[in-house]
Amino acid sequence: MLHVNENYSRIKPTYLFAEIAHRVAAHQQAHPDAKVIRLGIGDVTEPLAPSVIAALHKAVDDEADRSAFHGYGPEQGYAFLRERIAEVDFRARGLEVSADEILVSDGAKCDCGNIQELFAGDVRIAVGDPVYPVYVDTNVMAGRHDIQLLPCTAANGFVPGPEGCTADIVYLCYPNNPTGATATKAQLQAWVDWANDRKALILFDAAYEAFIRDPTIPHSIYECAGARTCAIEIRSFSKTAGFTGIRLGYTVVPDGLVAYAADGSAVPLRPMWTRRQTTKFNGASYLTQRGAEAVYTPEGQRETRATIDFYLGNAKLVREALAAAGYAVTGGTDSPYVWVDVKGDSWAFFDRLLAEANVVTTPGAGFGREGEGYIRISAFNSRENVLEAIERMKKVL
Ligand code: PLP
């Protein structure tokens, strides 16, 4: 008889966005003329940067030309892109990361989910609560059910410290989804010191790094002393350059970063991750990598920064409107997400905004127990829609 992987039955159903979609559909059916504005799901709304579009067109022309055609590429990503990433994202900030240490993929979600394959079944995992669900679900699928939840609350500014964390691997994400919180260098340094002391690992998700404007907030875990011996960093072009539809991300595994075999010997992680990727992944597309290369040109940097500034402008408007209405808000300054303390049931608040303002948000309870009492409002929409949503919310609140 064929048996299933029982671990799948232990994953929480993907209830959140399905339930939101269900409630929005019911509302629209009951009110067919209502103009619903969606500030819920975290997908970008602005088109790609002109320099990226030009590079994508050029890459299509390459594929139409026998002499410039590219078939399978290197599984780790093309050198032309890995070099630019190393130069612009790291070396220009004074950080020691080489092109060899960067493995390009088709998005951060896959890397966040797949990286756990490198570790033993019994390693202990810690995540924030509330949390981006991928970290938890992929470990549960692999049979790791005993996951330590680190409460992210108003009391700790939504940034838990390592005190009392007994895990072997901790997932950290700053700027955070869903809370929009950012971590200071001292807060990240405390985690790095903890990890080096314990021979533990930090999986640092920097998907929202490009939203940081405060010059004191670290963009990379490698800004902390000692991070190269205890941290893997995962990045995405999704929110940085609007690649949610065309897909690209990368993971940095520093030279010399190790985990341990049962006999205590050190095992370098980059060859393992390279082996995993070359075995199970055939490389991100040539087209997308040429598009990403254009992000690193001066025009690409200017254009993508302008788009993020636009979203940050939306976030500021939402944040200020909710604060003026008397709500405690986090995020929305170096992040596209505003996390609002609704002083009550998060689904009831969601329903109220949907019913009375025709505005879709995300109830915090969907991201974990500590998310109850909050909603996440995303800044990804047109200015016109954000302003209208704010006016409507102000009337209701
Ligand atoms: N990490 C976090 C925290 C995210 O919020 C998201 C997307 O919403 C991702 C990773 C996934 O990024 P990608 O689109 O590159 O798969």
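The values are calculated or read from the model by the stated rules, or taken from the named source; none is laboratory data. Note that the structure is a prediction, hence the values are computed from the model and not measured. Neighbour counts are summed over all protein chains in view; Cβ atoms, including those assigned to glycine, are modelled from backbone coordinates with ideal geometry.
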Which one of the conditions (1) in a loop (DSSP other than H, G, I, E, B); (2) more than 13 Å from the ligand (Cβ to nearest atom) does I202 fail to meet, given that it meets all the rest?
-> (1)
Out of the residues in segment 178-196 that are within 16 Å of the ligand (Cβ to nearest atom) and touching a strand residue (DSSP E or B) at 6+ places or on another chain (Cβ under 6 Å), state the one that is nearest to G226 (Cα to Cα).
-> A181
Within segment 352-397, how many residues turn out to be of a type in the set (S, T, N, Q), under 18 Å from T333 (Cα atoms) and part of a strand (DSSP E or B)?
-> 1
If we ask which residues in segment 372-389 are under 16 Å from F350 (Cα atoms) and out of contact with any Ser or Thr (no Cβ under 7 Å at 6 or more places or on another chain), their number turns out to be 2
Matching residues in segment 235-252 - criterion: being crowded, with 24+ Cβ neighbours inside 10 Å and aliphatic (A, V, I, L, M) = A241, L248, V252
Within segment 126-148, considering residues that are at pLDDT 95 or above and over 18 Å from the mean Cα position of the chain (by Cα), the one farthest from the ligand (Cβ to nearest atom) = G143
Listed residues L48, L39, L56; which is under 26 Å from the mean Cα position of the chain (by Cα), surrounded by 16 or more Cβ atoms within 10 Å (Cβ to Cβ) and within 20 Å of R392 (Cβ to Cβ)?
-> L39
Out of all the residues in segment 122-169, which are in a strand (DSSP E or B) and surrounded by fewer than 22 Cβ atoms within 10 Å (Cβ to Cβ)?
-> D129, I147, Q148, L149, P151
Residue in segment 243-287 that is nearest to E117 (Cα to Cα), counting only those that are under 19 Å from the mean Cα position of the chain (by Cα) and outside any strand (DSSP E or B) | V253
